[in-house]
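The values are calculated or read from the model by the stated rules, or taken from the named source; none is laboratory data. Everything quoted here is computed from the prediction, not taken from an experiment. Because the Cβ atoms are built from the backbone with ideal geometry, glycine has one as well, and the counts that use them run over all protein chains shown.
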Ligand code: URA
C-alpha cells in the first residue's frame, strides 16, 4: 500500500493491517517514507488512536528496525526496569545491584535527563572515570559476571523510534498513549529482556499530566508488552514531591550510595525501590511472588551485597575501586553550598515537583537542549518532604550552586515550589499495580 493510502486509512478511523504497519515502518530506512508522511501518520494516530493489536504491531516493527540484543549463554534471567522519569528518581542506581545480588542480570540501558526530569546516565557520569559507552564485549562481561551494568544506548537499538520521536517532538504529537507505548517498548524489546517492570509516575513532577493519563499509559504499556511476548508488570508511583531528598547528579549518586550502605534511606525511595525489585524478581522466577521478592530484595540490601555489587560495577566500568568507601573524595563538589530557610514556621502542604526539577536545570544540572553539557556538582540537597514541619529560619533545602547567580535562580524556583499550610493526608509512594 502507498504510504499516503496507509495514512488515509488511519485518518479516516479505519483499522490498519499489521503487515501494512510493518511495511510503513520498514520504509523509514533510507527515508523512503518522507518526514511529512511520518508526521501525518503521527497526527492521524494522535486523533484516532490505535487498537491494542495495532500498537503491538507498531512496537514490534520498530523493535525490528535495528538490532535485538542476544544474551544466550548467560544463565541468569535478563530483567530490567523503565521509569517514565521524575525528579530525585535515582532508583536505578540501587535497583540494578539489588536485583543482581538476588540472581538477576540487569543490562540497564538508560537515558539522559531532558526537560525537568533527571537522567541516570548524567548521574553515573558524576563518577570520575565511569564509562557509559563500554564496547559490547565489556557490557556483556560486566552484566554476566557482576550481574548489572548501567550504560547508554548501544549499537542500533530501534533506530525507527529515534527518527519517529524526533519528528513527533517538533509536530506536537508526543502526547499520544499508543505512540509513547510503542516508543518506550520498542527499545526495551530490542534489549532482549525476559522480564520488564515499568515505573509510571503520577503527580506534579511526572511526564503524564493527570493520574488518569498515567493509569492509561501503565495499562497500555503492560498490555502491549505482554502482547509482544515480554512478561511485564507496572507500578504507578507518586511524583508529588522529589522521590529522594536530593535532586541533581552527584548529590543523587551520594544519596544512592548512602542508601546502599545503610547510612541514610529516604522512606519513600525505599518503598519504591524495593517494590520494583520485588516485581522484577517475581517476573523472572527468582521469587515465588512479589512479597517473597520484597523479602529477598530487602535482605540483599541490608546485608551489604547490593552495595558491594554497585562498587564492583563502578570499578569494572572505569570508576575508582574504592568509590563506595570514599565517594566524598571522588564526587565533584559545588563551589557554593547554601541553605534556603523558611521565612515563617509552617508545614509543607504542597510541592511543585516540576519546579524543583527546573531549579536543577537553572543551576546547570540539566539540559534545555539535547546537546547541552551538564554540571554534575550542582543540585538540591536535604529537600523537605510533604508534611514536614519547619521552624522559622529552619532550612528546607540546601542549594549546591556554581555561583551566586545560580543560587539566586534556583532559590526563586524552590521558594515558588513550596506551599506551606495544612499537612496533606498520607499517600503511599506506590499507588497501584498493573499486570498482564
Ligand atoms: N519516552 C520515550 O522513550 N518515548 C516517548 O514517546 C515518550 C517518552
* Asked: Is it the case that some residue within segment 349-368 is in contact with a strand residue (DSSP E or B) (Cβ under 7 Å, 6 or more places away or on another chain), modelled with pLDDT under 95 and surrounded by fewer than 21 Cβ atoms within 10 Å (Cβ to Cβ)?
  -> yes
* Structure fact -> Restricted to segment 134-152 and to residues being assigned to a loop (DSSP other than H, G, I, E, B) and in contact with a helix residue (DSSP H, G or I) (Cβ under 8 Å, 6 or more places away or on another chain), the residue nearest to residue 62 (Cα to Cα) is 152
* To do: Kindly indicate whether residue 328 is under 26 Å from residue 137 (Cβ atoms), surrounded by fewer than 18 Cβ atoms within 10 Å (Cβ to Cβ) and out of contact with any strand residue (DSSP E or B) (no Cβ under 9 Å at 6 or more places or on another chain).
  => no
* Considering only residues of segment 155-175 that are in a loop (DSSP other than H, G, I, E, B) and buried (at least 19 other Cβ atoms within 10 Å of the Cβ), which is farthest from the ligand (Cβ to nearest atom)? -> 157
* Asked: How about segment 176-189: which of its residues are within 12 Å of the ligand (Cβ to nearest atom) and more than 15 Å from the chain's Cα centre (by Cα)?
  -> 176, 177, 178, 179, 182, 186
* For segment 91-104, enumerate the residues that are in contact with a helix residue (DSSP H, G or I) (Cβ under 7 Å, 6 or more places away or on another chain) and either within 16 Å of the ligand (Cβ to nearest atom) or closer than 19 Å to residue 139 by Cβ (or both). => 92, 93, 95, 97, 99, 100, 104
* To do: Determine whether segment 105-119 contains at least one residue that is over 30 Å from residue 204 (Cβ atoms), away from the ligand (no atom under 16 Å from the Cβ) and buried (at least 22 other Cβ atoms within 10 Å of the Cβ).
  => yes
* Asked: Wholly within segment 1-90, which helices (runs of 4 or more DSSP H) include no fewer than the required count, namely at least 3 residues that are under 24 Å from residue 136 (Cβ atoms)?
  -> 52-63
* What is the one condition in (1) touching a helix residue (DSSP H, G or I) at 6+ places or on another chain (Cβ under 8 Å); (2) surrounded by fewer than 24 Cβ atoms within 10 Å (Cβ to Cβ); (3) touching a residue at least 60 places away in the same chain (Cβ under 8 Å); (4) under 28 Å from residue 65 (Cα atoms) that residue 131 does not satisfy? -> (1)
* Is one or more of the residues making up segment 199-214 within 13 Å of the ligand (Cβ to nearest atom), part of a helix (DSSP H, G or I) and either within 19 Å of the chain's Cα centre (by Cα) or closer than 22 Å to residue 37 by Cα (or both)? -> yes
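Results for (1) more than 17 Å from residue 79 (Cβ to Cβ); (2) outside any helix (DSSP H, G or I); (3) touching a residue at least 24 places away in the same chain (Cβ under 8 Å); (4) touching a helix residue (DSSP H, G or I) at 6+ places or on another chain (Cβ under 8 Å), shown as yes or no for each residue.
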| position | (1), (2), (3), (4) |
| --- | --- |
| 270 | yes, no, no, yes |
| 274 | no, no, yes, yes |
| 277 | no, no, yes, yes |
| 285 | no, yes, yes, no |
| 292 | no, no, no, yes |
| 306 | no, no, yes, yes |
| 323 | yes, yes, yes, yes |
| 328 | yes, no, yes, yes |
